[in-house]
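Written out below as structure tokens is the structure these notes cover.
The values are calculated or read from the model by the stated rules, or taken from the named source; none is laboratory data. Note that the coordinates shown come from a computational prediction; the quantities given were computed from them, not determined experimentally. Methodologically, a virtual Cβ is constructed for each residue, glycine included, from the backbone with ideal geometry; neighbour enumeration extends over all protein chains shown. In case anyone asks, the SASA skips ligands and DNA or RNA and just uses the protein heavy atoms, side chains included. Shrake-Rupley method; radii C 1.70, N 1.55, O 1.52, S 1.80 Å.
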Amino acid sequence: MKVEVDERGYYGQFGGAYIPEMLYPNVEELRLNYLDIIHQDDFQREFHYLLTEYVGRPTPLYLAERISEKYQTNIYLKREDLNHTGAHKINNTIGQILLAKRLGKQRIIAETGAGQHGVATATVCALMGIECTVFMGELDMSRQKPNVARMRLMGAEVIPATSGNKTLKDATNEAMRHWINHPEDTHYIIGSVIGPHPYPEMVAIFQSVISEEMKKQLLEKTGRDYPDHILACVGGGSNAAGAFYHYYNDQRVNLIAAEAAGHGIHSGESAATTVLGKPGILHGTRTLFMQTEDGQVIEPYSISAGLDYPGIGPVHAHLFDTGRAEFYSATDDEAMEAGMLLSKLEGIIPAIETAHALAVFEKKKFSKEDIVVVNLSGRGDKDLETYISWAKLV
Amino acid sequence: MQTETTIDNRLDQLFKTKKSSILSIYFTAGYPKLNDTVPIMEYLQDSGADIIEVGIPFSDPIADGPTIQASGNQAILQGMSVRTLLDQLQDIRKKIHIPILLMGYLNPVLQYGFEAFCEKCRQIGIDGLIIPDMPLAEYQEIYKPNMDANGLFNIFLITPQTPESRVREIDNSSRGFIYMVSSASITGAKKGISDHQIQYFQRIRDMDLKNPALIGFGISDKQSFEKACEFSRGAIIGSAFIQVLSKSVNLKEDTQNFITSIIA
């Protein structure tokens, strides 16, 4: 079965646009225009100019020899951690702010969990001189103070989401409500491959620069433009979608996604959606998410705030459902150990989200000839306190 | 479908017999206490409400403001669910003769099972559903047959931003009435009615739709109710009534006083 989005925004049985009528005109405006705008020459010129000169792309595809030696295979790291603001998130916010400008929008809103997407949004709004409001769960604000400060430093207003459990899903609810109340002048920059169509596909297109570069870089370094395996972590799944995108339908490439198992898949504190989730409708899309028998959303848990979302994007639900991608999950401890290992062997401190992908090397054996690309989605600076307390470093 | 015409829907009867100032009241099932659902419905009917909208709580209600969300969270904590609500309403037609609508987000209904849900609604005597996040196209392809077979009207929303062609499309797919959202807002967000909104009400009235319209969102008192009724067949009150319930010491008296303050 081909992995692609259909006209109504479905990947197989997942996706669509389950939104109240109040959001219909905004989402419809996007749906009708996003592909035309993205494909315009001047859009492409400006997008690639900013990715090159401002973000610092292309990011290196680095053959990590010492960790390859350890796992007896060939591990390449796609260094998204070297992007401006420290993660892949900015690929999407650059794309969406250019789109918002062309739609004539004067204000930007966004949701954020750990603050990475909020920072990436505040960054591009400062760059473009556009008013920016970021919704962040009250609990997350107290856990991620430096990112709150970064956003404010760049002129964004950060509004605490005080409903529900005061985390990412509640921030998403608040952003959607704000959009309902401000339908005409505001664009909502969703940070992952979630939400109503066309968001999941649009975000994946902007992130697909990752696999586009990967193809060229692999050809130069290995003589062929595809790897045997691509490994990426999945919360909502934007970095994974970007890393998989140009290989969705290339059966020579094995796609591997890593979810967060928290304290253990069945511990009651987990975010392993493909194991614990059921199909349902959340935040405007039909996908897999963790819910009670009565259809109420279950609050996820992971040590990594970026994986702390109850669902996965519809494209990932489809990749799972069809068996196109392999799904693993890593506990907090397994991820932390993998993050420590990369730090020691390669001098690269990964984001804890990314460390979940690295933990797969302890679970799956690759052959000596395999070429494995890990999407190193973010750097670990933001997680220093977690590393310190987990490993008792000071 | 044959069954469409054989089941006599109370909404049709109401709109045939009452031409103006129809009052529809929304409240959250299982709020303020789990077993208050049925008594509140009785008090609403006795006080003169014309339609009752029973809200099915959901953990992530994106179209609702803080008042309705808080009531829903409390109801969920107290054990409210689709199953519990349908149990509570099992014998409701022994007590309530006015139209009853169930309003909620799609997910809890899907997890119960849409077909089973519609059948149960027919057995109980529910007249229609308001599911704000059910897309029009999916309704037509997937959900409509079950609803029609069980005599359930689907109530769609329109807003000031809904283009005229889409208003027509919604009108053609609607039965019962059209839920006219008064402004670009979530529930409970704005008070009173502005000139800008009145232009929108007039615009829709002049379209001469085949379905009657009720105005909701931001209707909270006698003044806003009467204003809305000048431009439509009636109006819907939700958050303002839930605020009354949240502070109530005597549900019967407080419900009566509130309804009387609107329609007397």
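Remarks
- On the stretch B:203-244, 43 percent of the accessible area sits on carbon and sulfur atoms, based on a 1.4 Å probe.
- Percent antiparallel among DSSP beta bridges (both partners in the protein assembly as shown, rounded to 5): 20
- Square roots of 5 times each gyration tensor eigenvalue, C-alpha, the stretch A:132-235, largest first, Å: 34, 17, 14
- Diffusion coefficient, µm² s⁻¹, Stokes-Einstein with Kirkwood Rh over alpha-carbon pairs of the stretch B:24-167 at 4 °C and 1.567 mPa s: 83
- Order of exposure, largest accessible area first, which applies to A:ARG107, B:ARG205, A:ARG379 with probe 1.4 Å: B:ARG205, A:ARG379, A:ARG107
- Computed on chain B, with alpha-carbon pairs under 8 angstrom and 6+ residues apart, the relative contact order is 23 percent.
- Taking every C-alpha pair closer than 8 Å and separated by at least 6 residues, the mean separation divided by the residue count of the stretch B:36-113 gives a relative contact order of 47 percent.
- With every protein chain in place and a 1.4 angstrom probe, the accessible-area ranking of A:LYS392, A:LYS363, A:LYS89, largest first, reads A:LYS392, A:LYS363, A:LYS89.
- Descending Cα extents along the principal axes, the stretch B:65-106, whole Å: 33, 20, 19
- Antiparallel content of DSSP bridges confined to the stretch A:31-170, in %, to 5: 20
- The stretch B:95-138: trypsin sites (Lys or Arg not before Pro) in DSSP coil with no more than 15 other Cβ atoms inside 10 Å: B:LYS95
- Given a 1.4 Å probe and the protein chains as shown, B:ASP46 ends up with an accessible area of around 110 Å².
- Summed residue charge, Cβ within 12 Å of A:PHE327's Cβ, Lys/Arg positive, Asp/Glu negative: 0
- When A and B come together, around 2900 square angstrom of accessible surface is lost from both chains combined, probe 1.4 Å.
- Choice from A:GLY15, A:GLY347, A:GLY277 showing the highest fluctuation, given a GNM over chain A with Cα pairs closer than 10 Å: A:GLY347
- Proximity of backbone amide H atoms, modeled 1.01 Å from N, is registered between A:GLY378 and A:ASP81, A:ALA351, A:THR354 at under 5 Å, excluding neighbours fewer than 5 places apart on the same chain.
- Chain B: most fluctuating residue of B:ARG175, B:ARG93, B:ARG233 per GNM, C-alpha cutoff 10 Å: B:ARG93
- Per residue, the protein assembly as shown exposes an accessible area of 37 Å² to a 1.4 Å probe, with every protein chain left in place.
- Sparse-neighbour loop sites [chymotrypsin sites (Phe, Trp or Tyr not before Pro); the stretch A:189-250; at most 16 other C-beta within 10 Å; DSSP]: none
- Percent of alpha-carbon pairs separated by more than 27 Å within chain A: 44
- Exposure of A:ILE312 as accessible area (Å², to 10), given a probe of 1.4 Å and all protein chains: 0
- Sparsely packed loop sites in the stretch A:168-224 (the trypsin sites (Lys or Arg not before Pro) outside DSSP H, G, I, E and B with at most 15 other Cβ atoms within 10 Å) comprise A:ARG224.
- Apportionment of accessible area to carbon and sulfur, the stretch B:78-192, percent (1.4 Å): 46
- Cα lying deepest toward the dipole's positive end in the stretch B:29-82, options B:ILE76, B:PRO39, B:ILE52, charges on Cβ: B:ILE76
- Across chain A, C-alpha contacts under 8 Å between residues 6 or more apart give a mean separation that, scaled by the residue count, equals a relative contact order of 20 percent.
- Above-threshold pairs, the threshold being 22 Å between Cα atoms, out of B:LYS33/B:LYS252; B:LYS222/B:LYS252; A:LYS2/A:LYS101; B:LYS222/B:LYS247: A:LYS2/A:LYS101
- Taking all protein chains as they are arranged and a probe of 1.4 Å, the heavy atoms of A:THR331 leave approximately 30 Å² accessible to solvent.
- Residues losing 10 Å² or more accessible surface upon assembly, the stretch A:17-36, compared with the chain by itself, 1.4 Å: A:ALA17, A:TYR18, A:ILE19, A:PRO20, A:GLU21, A:MET22, A:TYR24, A:PRO25
- Links that overshoot a 26 Å alpha carbon limit, given the list A:LYS166/B:LYS227; A:LYS169/A:LYS278; A:LYS344/A:LYS368: A:LYS166/B:LYS227
- Projected-area average for the protein assembly as shown over all orientations - Cα convex hull basis, square nanometres: 29.1
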